[in-house]
Amino acid sequence: MATMTLQFDDLLARTRAHCREAAREASIPQDRADAAWLDIHRHGQQRPEPRPITRTVREGETIKFTMQLADGHETESVILPMQGRTGRPRTTLCLSSQVGCALGCGFCETAAMGLVRNLEPAEILDQWHAARFRLDAKITNIVFMGMGEPMENLDAVLAAIEVLTDRSGAGIPASRISVSTAGRIAGIDRYREFMSRDDFRQLRLAVSVNAPNEPIRRDLMPITRAEPLEELRQAMNRWLQCGGRTILVEYVLIPGVNDADDHPAMLAAWLDGMDCRVNVIPYNPRRDSPWPAPDEAQVEQFIARLRDSGCHVNRRRTMGRDVMAACGQLGRPDIRRRVPLRIPS
């Protein structure tokens, strides 16, 4: 830290307290460092050469924007205006944590890219900075559900969460931040330890399950071969036993794959005894998708059977599907993994 200068990325990626500490160690006047930090986090000061927003597409009020990184790679982020359960308006920002993803889930556009690289904390936070100050979105909620597996880049994700929750800057309450995972157990356990700190006990965990049993999940999500459902269930229970909030179980509903008549009861049995809410996400077709989106009758029937089986259920509102901004649709079509995704028969 002794070599610290007041560079934009250094200030963007630190909490106010960490910035003050680094300034003190580097013999930089604390009031100067404090003013520079506030200029960025509260007043929206831009870097001398801002990372370009190369594309912005809209569907209704949903906005997907693409930012170019210093090495030429790009991230995609989505601004999602919606109403909360109380009817009050909120604006959720869906953040990316990687360029691409290594996990190979067959229904996901990002997976088709393979993993290009992890994002640095400043690159994650720059997505918030651009949404808030360059696109003038009043961000109230954060979800790490964009490109990449957050648990594969957890150091950067947790560093970003510390900055986003800083009351002097973005001031996003921990209760309005969710981190989603395809089921990285070691990552869930590390995230649980972070959540156990006093300022972060309200953080939320979302787990992408997407199947009622091991064979179907193994076909859809290769991660299951290394980290089976029973071990995932144990990690989820550890989260709950340590005081973690209700887990959001994400279920991408794919016609003919995971929507059979007996699948809701099987999922309910697997969730039995855990404080979870199932978030049913109608499948958003990726490019060259082998499956269609489900129709409304299929979605409603599946949700009704889940409720009859005793599950608490949300239905994810489909937003941005037509502009490839919906859940599972983020990714660069010109970057494709060398080994094609394995598609279940």
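The values are calculated or read from the model by the stated rules, or taken from the named source; none is laboratory data. All figures in this text were calculated on a predicted structure; none of them were measured in a lab. Virtual Cβ from ideal backbone geometry, glycine too; neighbours counted across all protein chains shown.
Note on region 198-212: among residues that are charged (D, E, K, R) and under 19 Å from the mean Cα position of the chain (by Cα), the one that is surrounded by the fewest Cβ atoms within 10 Å (Cβ to Cβ) is Arg201.
Only one entry of Val257, Val339 meets the criterion of being part of a loop (DSSP other than H, G, I, E, B), over 23 Å from the mean Cα position of the chain (by Cα) and at pLDDT 95 or above, and that entry is Val257. Any residue in region 298-306 that is assigned to a loop (DSSP other than H, G, I, E, B), modelled with pLDDT of 75 or more and surrounded by 18 or more Cβ atoms within 10 Å (Cβ to Cβ)? No, region 298-306 contains no residue that is assigned to a loop (DSSP other than H, G, I, E, B), modelled with pLDDT of 75 or more and surrounded by 18 or more Cβ atoms within 10 Å (Cβ to Cβ).
Filtering region 192-233 to residues that are under 16 Å from Cys276 (Cα atoms), of a type in the set (A, V, I, L, M) and in a loop (DSSP other than H, G, I, E, B) leaves Leu203, Val209, Ala211.
Matching residues to (1) touching a residue at least 40 places away in the same chain (Cβ under 8 Å); (2) in contact with a helix residue (DSSP H, G or I) (Cβ under 7 Å, 6 or more places away or on another chain); (3) surrounded by 14 or more Cβ atoms within 10 Å (Cβ to Cβ):
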position	(1), (2), (3)
Ala26	no, no, yes
Asp31	no, no, no
Ala35	no, no, no
Glu59	yes, yes, yes
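Within region 171-187, the set of residues being over 17 Å from Gln98 (Cβ atoms) and not polar (S, T, N, Q) comprises Gly171, Ile172, Pro173, Ala174, Arg176, Ile177, Ile185.
Take the conditions (1) closer than 14 Å to Leu205 by Cβ; (2) not in a loop (DSSP other than H, G, I, E, B); Gly243 misses just one of them, which is (2).
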